[in-house]
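Only one structure is covered here, and it is reproduced in the block below.
The values are calculated or read from the model by the stated rules, or taken from the named source; none is laboratory data. Note that the structure is predicted; figures quoted are calculated from it, not measured. Here Cβ is always computed from backbone atoms with ideal geometry, including for glycine, and neighbour counts include all displayed protein chains.
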Amino acid sequence: MKIWLDDQLNTDIKNRQTPQGWVGAQNSEEFKRLVEEAHKTGEEIFAIDWDNDLGEELEGVHLLKWYCDTYPEMAIKTRMLVHTENETARREMVAIFRDLREKPQEFLEKKNRPSYEELFGELEKPK
(Lines give C-alpha, C1' and ligand atoms only; values in the text may rest on other atoms or scores of the structure.)
Protein backbone atom coordinates (compact mmCIF):
# COMPACT_ATOMS: atom_id res chain seq x y z
CA MET A 1 0.00 0.00 0.00
CA LYS A 2 1.03 3.57 -0.66
CA ILE A 3 -0.73 6.34 1.29
CA TRP A 4 -1.23 9.91 0.09
CA LEU A 5 -2.12 12.11 3.10
CA ASP A 6 -3.79 15.39 2.17
CA ASP A 7 -6.89 17.16 3.48
CA GLN A 8 -7.67 18.54 0.03
CA LEU A 9 -7.73 15.25 -1.84
CA ASN A 10 -9.23 15.13 -5.27
CA THR A 11 -10.23 18.78 -5.37
CA ASP A 12 -9.61 21.12 -8.26
CA ILE A 13 -6.44 22.31 -6.55
CA LYS A 14 -3.33 21.52 -8.55
CA ASN A 15 -1.27 18.60 -7.19
CA ARG A 16 -3.96 17.47 -4.73
CA GLN A 17 -5.29 14.44 -6.60
CA THR A 18 -4.50 11.03 -5.19
CA PRO A 19 -1.92 9.55 -7.55
CA GLN A 20 -2.85 6.38 -9.37
CA GLY A 21 -1.96 3.34 -7.29
CA TRP A 22 -2.11 5.25 -3.99
CA VAL A 23 -4.77 5.24 -1.27
CA GLY A 24 -5.89 8.67 -0.13
CA ALA A 25 -6.40 9.76 3.49
CA GLN A 26 -7.87 13.21 4.16
CA ASN A 27 -7.52 13.34 7.95
CA SER A 28 -5.96 11.72 11.00
CA GLU A 29 -8.82 9.26 11.46
CA GLU A 30 -8.59 7.92 7.91
CA PHE A 31 -4.80 7.77 8.08
CA LYS A 32 -4.73 5.89 11.39
CA ARG A 33 -7.40 3.48 10.15
CA LEU A 34 -5.32 2.64 7.06
CA VAL A 35 -2.15 2.12 9.10
CA GLU A 36 -3.86 0.03 11.78
CA GLU A 37 -5.60 -2.14 9.18
CA ALA A 38 -2.28 -2.69 7.35
CA HIS A 39 -0.65 -3.65 10.65
CA LYS A 40 -3.49 -6.01 11.52
CA THR A 41 -3.44 -7.78 8.14
CA GLY A 42 0.33 -7.68 7.65
CA GLU A 43 0.05 -5.53 4.54
CA GLU A 44 3.24 -3.59 3.88
CA ILE A 45 3.11 0.18 3.58
CA PHE A 46 5.60 0.86 0.82
CA ALA A 47 5.35 4.66 0.86
CA ILE A 48 3.61 7.60 2.52
CA ASP A 49 3.52 11.06 0.97
CA TRP A 50 2.83 13.62 3.71
CA ASP A 51 0.91 16.87 3.80
CA ASN A 52 1.12 18.76 7.08
CA ASP A 53 -1.74 21.25 7.34
CA LEU A 54 -4.77 18.98 7.57
CA GLY A 55 -7.28 21.51 8.88
CA GLU A 56 -7.59 19.78 12.23
CA GLU A 57 -5.78 19.69 15.56
CA LEU A 58 -3.51 16.84 14.50
CA GLU A 59 -1.21 17.80 11.68
CA GLY A 60 0.87 15.64 9.39
CA VAL A 61 3.97 15.96 11.56
CA HIS A 62 1.97 14.67 14.56
CA LEU A 63 0.80 11.69 12.51
CA LEU A 64 4.38 11.02 11.39
CA LYS A 65 5.51 10.95 15.04
CA TRP A 66 2.56 8.70 15.93
CA TYR A 67 3.43 6.31 13.10
CA CYS A 68 7.11 6.15 14.07
CA ASP A 69 6.33 5.72 17.79
CA THR A 70 3.48 3.23 17.41
CA TYR A 71 4.69 1.16 14.46
CA PRO A 72 8.45 1.73 14.17
CA GLU A 73 8.92 -1.73 12.66
CA MET A 74 6.73 -0.60 9.75
CA ALA A 75 8.02 2.97 9.59
CA ILE A 76 11.65 1.98 9.10
CA LYS A 77 10.65 0.08 5.94
CA THR A 78 8.37 2.81 4.53
CA ARG A 79 9.58 5.22 1.87
CA MET A 80 8.79 8.68 3.22
CA LEU A 81 7.94 11.58 0.91
CA VAL A 82 6.59 15.03 1.68
CA HIS A 83 4.50 17.40 -0.43
CA THR A 84 3.44 19.94 2.20
CA GLU A 85 3.96 23.59 1.34
CA ASN A 86 4.59 24.37 5.02
CA GLU A 87 8.39 24.79 5.06
CA THR A 88 8.73 24.57 8.86
CA ALA A 89 6.83 21.28 8.95
CA ARG A 90 8.73 20.04 5.90
CA ARG A 91 12.07 20.57 7.66
CA GLU A 92 10.82 18.81 10.81
CA MET A 93 9.50 15.86 8.80
CA VAL A 94 12.71 15.52 6.81
CA ALA A 95 14.70 15.50 10.08
CA ILE A 96 12.50 12.68 11.38
CA PHE A 97 12.92 10.76 8.10
CA ARG A 98 16.71 11.15 8.40
CA ASP A 99 16.71 9.95 12.03
CA LEU A 100 14.54 7.00 11.08
CA ARG A 101 17.00 5.97 8.35
CA GLU A 102 20.15 6.63 10.39
CA LYS A 103 19.01 5.40 13.82
CA PRO A 104 16.25 2.82 13.33
CA GLN A 105 17.20 0.94 16.49
CA GLU A 106 16.38 4.00 18.60
CA PHE A 107 12.82 4.03 17.23
CA LEU A 108 12.42 0.31 17.89
CA GLU A 109 13.73 0.65 21.46
CA LYS A 110 11.59 3.71 22.17
CA LYS A 111 8.43 1.70 21.50
CA ASN A 112 9.20 -0.55 24.47
CA ARG A 113 9.94 2.26 26.92
CA PRO A 114 7.18 3.47 29.23
CA SER A 115 5.71 6.84 28.38
CA TYR A 116 5.98 9.88 30.62
CA GLU A 117 2.32 9.42 31.57
CA GLU A 118 2.91 5.77 32.47
CA LEU A 119 5.82 6.74 34.70
CA PHE A 120 4.36 9.80 36.41
CA GLY A 121 0.64 9.84 35.66
CA GLU A 122 -1.14 12.75 34.11
CA LEU A 123 -0.08 16.00 35.69
CA GLU A 124 -2.70 18.40 36.97
CA LYS A 125 -3.14 21.41 34.77
CA PRO A 126 -2.80 24.78 36.48
CA LYS A 127 -6.12 26.41 37.31
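Does residue 31 satisfy the criteria of being modelled with pLDDT of 95 or more, in contact with a helix residue (DSSP H, G or I) (Cβ under 9 Å, 6 or more places away or on another chain) and among the aromatic types (Phe, Trp, Tyr)? It would help to see each step written out before you state the result.
Numbers: modelled with pLDDT of 95 or more: yes; in contact with a helix residue (DSSP H, G or I) (Cβ under 9 Å, 6 or more places away or on another chain): yes; among the aromatic types (Phe, Trp, Tyr): yes.
Against the criterion (modelled with pLDDT of 95 or more, in contact with a helix residue (DSSP H, G or I) (Cβ under 9 Å, 6 or more places away or on another chain) and among the aromatic types (Phe, Trp, Tyr)), residue 31 qualifies.
Tally time: how many residues in the range 73-91 are farther than 11 Å from residue 45 by Cα and surrounded by 16 or more Cβ atoms within 10 Å (Cβ to Cβ)?
Of the residues in that region, 5 qualify.
Can you work out which of the residues in the range 14-28 that are under 11 Å from residue 51 (Cβ atoms) and modelled with pLDDT under 85 is surrounded by the most Cβ atoms within 10 Å (Cβ to Cβ)?
Among residues in the range 14-28 that are under 11 Å from residue 51 (Cβ atoms) and modelled with pLDDT under 85, the one surrounded by the most Cβ atoms within 10 Å (Cβ to Cβ) is 16.
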